[in-house]
1. Mind putting together the pair-distance distribution for region A:109-259? All Cα pairs, 10 Å bins, whole percent per bin, short to long.
2. For region B:4-214, what does the relative contact order come out to in percent, with C-alpha contacts under 8 Å and a separation of six or more?
3. Applying 1/(1 + (r/R0)^6) with R0 = 56 Å to the Cβ-Cβ distance of C:ARG4 and A:GLU200, what FRET efficiency is obtained, to the nearest 0.05?
4. Under a plain spin-label model, where a point goes 7 Å from the Cα along Cα-to-Cβ, how far apart in nm are C:LEU28 and A:ASP28?
5. Could you check which residue among B:ARG114, B:ARG16, B:ARG43 shows the biggest mean-square fluctuation in a GNM of chain B with a 10 Å Cα cutoff?
6. How much length, in nm to one decimal, is gained on full extension between B:LEU76 and B:VAL200, taken as 0.36 nm per residue of separation minus their Cα-Cα distance?
7. For each pair in A:LYS196/A:LYS216; A:LYS34/A:LYS171; A:LYS14/A:LYS196; A:LYS124/C:LYS147, compute the distance between the two Cα atoms and list the pairs where it is over 23 Å.
8. Provide Rg over Rh for the protein assembly as shown; use the alpha carbon set for both Rg and the Kirkwood Rh (inverse mean inverse pair distance).
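Here, each number is a calculation from the coordinates, and none is a lab measurement. Given the structure is predicted, the values throughout are model-derived calculations rather than measurements. Cβ placement follows ideal geometry from the backbone for every residue including glycine, while neighbour counts extend to all protein chains displayed.
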Amino acid sequence: MNDMPMVRFENVSKRYGALTVLDNLNLDIGRGEKVSIIGPSGSGKTTVLRMLMTLEAINDGVLWVDGEPMTHMMQNGKLVPATTKHIRRIRAKIGMVFQSFNLFPHMTAMGNCIEAPITVLGLKRSEAEERAAELLDMVGLSAKKDHYPSQLSGGQQQRVAIARALAMRPKIMLFDEVTSALDPELVGEVLQVIRKIGREHDLTMLMVTHQMGFAKEFSDRVCFFYQGKICEQGSPAEIFGNPKNERTRQFLNAVLEAG
Amino acid sequence: MWDWTFTFEILPVLARAAIMTVEATALGFVIAATLGLVLASIRLAFPVAGVVVTVLVELIRSTPLLIQIFFLYFVLPKAGIVLDAFTAGVAAIGIHYAAYCSEVYRAGFENVPRGQWEASIALNLSPWNTFKDIILPQALPPVVPALGNYLIALFKETPLLSAIAVLELMQTAKNIGSETFRYTEPVTLVGVFFLVMSLVSAGIIRMLESWLQRR
Amino acid sequence: MWIRMLTAMLAGTLLLIALLSANAEYRLFMPGLLEGAVLTVEITLLGAVLAVFMALIAALAKLYGPLPIRWLSTTYIEIFRGTSALVQLFWLYFVLPQFGVFLDAFVVAVLALGLNIGAYGAEVVRGAIVSVARGQWEASIALNMSKAQMLRRIILPQAFTAMIPPWGNLFIELVKSTSLVSLITLADLTFKAQQMNQSTLKTVPVFTLVLLMYLAISLTVTIGMRLLEQRASRGLTRGRVA
């Protein structure tokens with residue numbers, strides 16, 4: 001089982017009516033691997049994360065997580081569509097951080113971080129608080145634990161969101177353009193936290209990002225998406241240093257010129 | 001349980017009463033829509049008098065329509081104004097909903113951007129012309145659906161007129177009931193009539209709304 | 001600011017009632033009317049409890065129930081919003097007995113008004129739930145909550161704040177529609193007024209007092225809901241960083 005990748009997209013397609021967002025995607029992500037997904041808007045890159053988080057249903061193919069099918073389950077040796085119970089069991093391995101934070105506005109930073117550990121994992125409040133305090137400390141927000149989201153800056157909210165996701169002890173973390181909604185001066189503090197958890201936690205990480213510098217320095221592999229397909233993938237050195245595909249070159253030139 | 005012969009017997013009687021109900025609705029709404037606009041305009045033009053209007057509107061909206069119907073029907077004669085039941089009842093309904101409509105118009109006025117007033121001042125238009133030619137034409141169309149919803153609400157309150165023995169639908173159904181000791185058919189038919197009319201009018205308002213949005 | 005003005009209005013109303021009842025012509029009616037007012041308040045309170053209960057059930061059923069349940073709830077909402085409260089009251093009062101169901105007039109009153117306001121409330125609840133930002137649902141899914149957990153812990157608490165003002169209006173409608181129960185022989189405020197008016201013909205004092213009493217009840221409800229609103233929105237907007 002351990003020779004299976006952490007995440008496998010097997011012939012996965014996603015369509016909205018006549019529009020094909022992802023076209024027969026095949027992608028493996030290894031244990032502990034850190035993969036950045038880049039590409040122009042509308043290339044389907046965010047959809048990859050949203051399907052993995054079960055926020056979008058897939059139309060074709062099978063999604064595997066940690067050696068088990070997530071969108072389907074084995075029954076009498078055949079793959080059948082998964083039940084809610086099965087999906088929830090597999091989904092427990094995945095955490096996600098959103099572009100727009102999506103913190104719960106009626107709960108404090110601490111409240112946000114202990115809610116799901118208590119209701120979903122069944123932790124005792126004291127245990128959950130202890131763990132949440134450690135995580136808030138790691139993202140540098142111990143002092144803000146009793147603040148409501150509306151009292152925090154965007155960067156602080158996003159760091160709470162990261163702590164909240166980690167509190168569920170996922171094996172896989174998804175980052176969906178987590179710095180896109182931030183003022184430029186706040187981007188650094190969030191990236192700093194992501195670097196830190198990359199170092200200190202044994203996590204498989206998958207991120208959609210526009211921060212090319214960060215993708216280059218942080219990831220093991222970079223995937224360039226174009227029109228619902230992986231157009232080119234490879235090590236950051238290959239993709240940024242010597243892109244083989246014309247589309248990749250055009251995209252990187254456009255991004256670097258704007259940046 | 002349900003007697004169809006009886007149903008067909010009372011249907012013409014109820015149909016005649018339904019005309020009375022529709023008349024009361026139409027007249028009541030004319031009063032509500034006009035008086036409501038007057039109240040909202042007073043509020044807009046004379047802030048001082050507006051306070052009185054605000055209190056009045058609050059007073060009307062905070063007390064039962066039934067009491068207001070009784071009030072007009074029983075109290076006005078003491079002041080020498082004798083109204084027949086239909087007139088008193090329709091007037092009460094009209095005034096009650098004028099209070100609601102005035103709030104609708106007020107929202108309509110508030111939604112016209114300030115810049116429209118300022119541009120009119122810059123063009124040296126008189127306040128009256130500004131109101132009539134610039135503000136009203138912009139304020140009214142968006143509030144038509146909201147007024148329509150109050151028309152339906154008003155329609156559904158006309159059975160209250162039965163309390164002062166106006167021979168509208170409800171009173172007629174009750175009379176049939178007390179004469180024949182059969183309430184099931186007349187009261188249910190009245191319910192069905194209101195349900196159908198409300199659903200149809202709600203549909204019309206939705207169409208109107210989407211038409212206004214596309215415009 | 002608004003609350004202060006409303007409180008001033010309430011104080012004024014109560015003061016006016018007190019001043020008027022110093023006059024013997026008015027004082028005469030006070031005990032009877034107060035008795036009626038008690039019944040009005042009782043029906044309002046019980047009706048409100050039933051309305052909130054029905055609204056929650058119907059809204060959740062319409063949003064998340066299986067198809068037959070969804071239809072059932074839509075039918076309930078449309079029927080009770082589409083016919084008038086008085087028709088519903090008469091139907092329960094006059095027609096149910098013909099089917100062998102005999103209910104006390106008081107029970108009929110609470111049922112009819114609670115079901116009526118509940119149907120309007122269902123749309124309020126549904127609207128408030130739907131208006132909670134999509135991201136809140138998505139974050140709850142990402143935290144692997146069950147549907148029930150999301151609703152109870154994340155969505156409803158946020159929808160609650162949005163629901164308070166429209167519920168305030170509905171409760172006022174409820175107070176006002178309690179006057180209809182006088183037409184099925186319940187001795188509420190309106191019934192007492194009618195009765196006293198017919199027996200004494202002192203129309204002006206009777207109806208003036210009754211109007212003021214309804215006003216006092218309505219204002220109390222409005223002030224209560226405004227306070228609740230202030231309280232509920234505090235957590236969401238406290239010290240917002242600009």
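1. 10, 35, 30, 17, 7, 0
2. Dividing the mean separation by the residue count of region B:4-214 yields 28 percent.
3. That gives a FRET efficiency of 0.55.
4. Spacing of the two 7 Å Cα→Cβ label points: 9.8 nm.
5. Most flexible of the set in this elastic network: B:ARG114.
6. Contour length minus the Cα-Cα distance gives 41.0 nm.
7. Where the Cα-Cα span goes over 23 Å, the pairs concerned are A:LYS14/A:LYS196.
8. 1.07
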